[in-house]
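Participant: There's a structure below that I have some questions on.
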Amino acid sequence: MKNNDSNRIASQVKVLGISGSLRPGSYTRKAVRIALEGAREAGAETLLLDLREYDLPFSSGNPRERNYPEDVYRLREEIRDADGVILGSPEYHGGMSGVLKNALDLMGFKEFEGKLIGLVGVSGGVMGASNALVSLRNVGRALHAWVIPEQVSIPRAWQKFNQDGSLKDEGLRDRLRRVGEQVAHYSSLHALDQEQAFVKEWEIAPANPGGSRQRKLR
Ligand SMILES: Cc1cc2nc3c(=O)[nH]c(=O)nc-3n(C[C@H](O)[C@H](O)[C@H](O)COP(=O)(O)O)c2cc1C
């Protein structure tokens, strides 16, 4: 996908970032911020939500619960209003953080169905955040969202960032930005209501080397 191609249409979409770490100086928050830069560069309006600013109780498990604090409904509205979401999680004991899982449990199809989701994971250890990423992908599927294939895991995050929040490794930075760029681009494709515009934009989607085209060649 060429950057200027995605710029053409992604200006109509809004991409939210959510970090599943509440820690001051969180590397997950820094990583999500960089992914959002990619979305912004692709032309999307972006916003990094900070879960520390929301009074979120544990999910009661009742889908018709009416007695949640106002912030639950505020978060639902903000997510509903977005076209795409970048979810970032630290690896905690081989999974996503409880903070993020609970926030997602307070949401539902109304917030996520049909949304584009990009994933970012951060870990302290060498193994990276692959468990958190796999479980986030499952949650996205369960919420009927479109989780894009590309994702980024940052192992040993404490070694990877500069003081100003930028990444030392440019390749890693570019991969993070690409997640944001793709979320912006596919969100905008999803939002198109004109067939011709959709087809034109779809042409710059990654090629599928297999499928029916490949079968015809055999
Ligand atoms: C409760 C807890 C569990 C953790 N479990 C793991 C783990 O299983 N694997 C790992 O590599 N790091 C683990 N870590 C380290 C975090 O992934 C690491 O500190 C990361 O940077 C936290 O994200 P943050 O910087 O956004 O707060 C754990 C940290 C905490 C607080």
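The values are calculated or read from the model by the stated rules, or taken from the named source; none is laboratory data. Not measured: the values here are computed from a predicted model. In this analysis, Cβ positions are derived from the backbone assuming ideal geometry, glycine residues included, and neighbour counts consider all displayed protein chains.
Participant: Given the criteria out of contact with any Phe, Trp or Tyr (no Cβ under 6 Å at 6 or more places or on another chain), buried (at least 20 other Cβ atoms within 10 Å of the Cβ), within 23 Å of residue 157 (Cβ to Cβ) and among the charged types (D, E, K, R), does residue 111 qualify?
Facilitator: So residue 111 does not fit the description; no.
Participant: Read through the list (1) surrounded by fewer than 17 Cβ atoms within 10 Å (Cβ to Cβ); (2) of a type in the set (D, E, K, R); (3) more than 16 Å from the ligand (Cβ to nearest atom), then give the number of the only condition that residue 50 fails.
Facilitator: (3)
Participant: Quick one: which residue in 59, 21 is touching a Ser or Thr at 6+ places or on another chain (Cβ under 6 Å), in a loop (DSSP other than H, G, I, E, B) and modelled with pLDDT of 95 or more?
Facilitator: 21
Participant: With the condition kept exactly as written, say whether any residue in region 91-106 is touching an Asp or Glu at 6+ places or on another chain (Cβ under 8 Å), of a type outside the set (A, V, I, L, M) and at pLDDT 95 or above.
Facilitator: Checking region 91-106: not a single residue is touching an Asp or Glu at 6+ places or on another chain (Cβ under 8 Å), of a type outside the set (A, V, I, L, M) and at pLDDT 95 or above.
Participant: Just checking, how many residues over region 91-114 are outside any helix (DSSP H, G or I) and more than 10 Å from the ligand (Cβ to nearest atom)?
Facilitator: The total comes to 6.
Participant: Got a sec? Which helices (runs of 4 or more DSSP H) wholly within region 123-202 have at least 1 residues that are closer than 16 Å to residue 19 by Cα?
Facilitator: So the answer is 130-142, 170-191.
Participant: Among the residues of region 205-212, are any touching a residue at least 24 places away in the same chain (Cβ under 8 Å) and surrounded by 12 or more Cβ atoms within 10 Å (Cβ to Cβ)?
Facilitator: Yes, because at least one residue in region 205-212 is touching a residue at least 24 places away in the same chain (Cβ under 8 Å) and surrounded by 12 or more Cβ atoms within 10 Å (Cβ to Cβ).
Participant: Which is more than 16 Å from the ligand (Cβ to nearest atom), within 30 Å of residue 188 (Cα to Cα) and not charged (D, E, K, R), of 84, 88, 61?
Facilitator: Residue meeting the stated conditions: 84.
Participant: Still on this structure, I have one more. Looking at (1) farther than 21 Å from residue 84 by Cβ; (2) touching a Phe, Trp or Tyr at 6+ places or on another chain (Cβ under 9 Å); (3) surrounded by 13 or more Cβ atoms within 10 Å (Cβ to Cβ), can you tell me which one residue 128 breaks?
Facilitator: Looking at each condition in turn, residue 128 falls short on (2).
Participant: Would you be able to say whether some residue in region 166-173 is surrounded by fewer than 21 Cβ atoms within 10 Å (Cβ to Cβ), farther than 20 Å from residue 25 by Cβ and without any contact (Cβ under 8 Å) to a residue 60 or more places away in the chain?
Facilitator: yes
Participant: Out of the residues in region 134-152 that are free of Cβ contacts under 8 Å to residues at least 40 places away in the same chain and under 17 Å from residue 177 (Cα atoms), which is farthest from the ligand (Cβ to nearest atom)?
Facilitator: My answer is 149.
Participant: Quick one: would you say residue 117 is away from the ligand (no atom under 16 Å from the Cβ), in a loop (DSSP other than H, G, I, E, B) and among the β-branched types (Val, Ile, Thr)?
Facilitator: So residue 117 fails the test.
Participant: Does region 26-75 hold any residues that are under 30 Å from residue 124 (Cα atoms), among the acidic types (Asp, Glu) and over 15 Å from the mean Cα position of the chain (by Cα), and which are they?
Facilitator: Hits for region 26-75 are 41, 53, 55.
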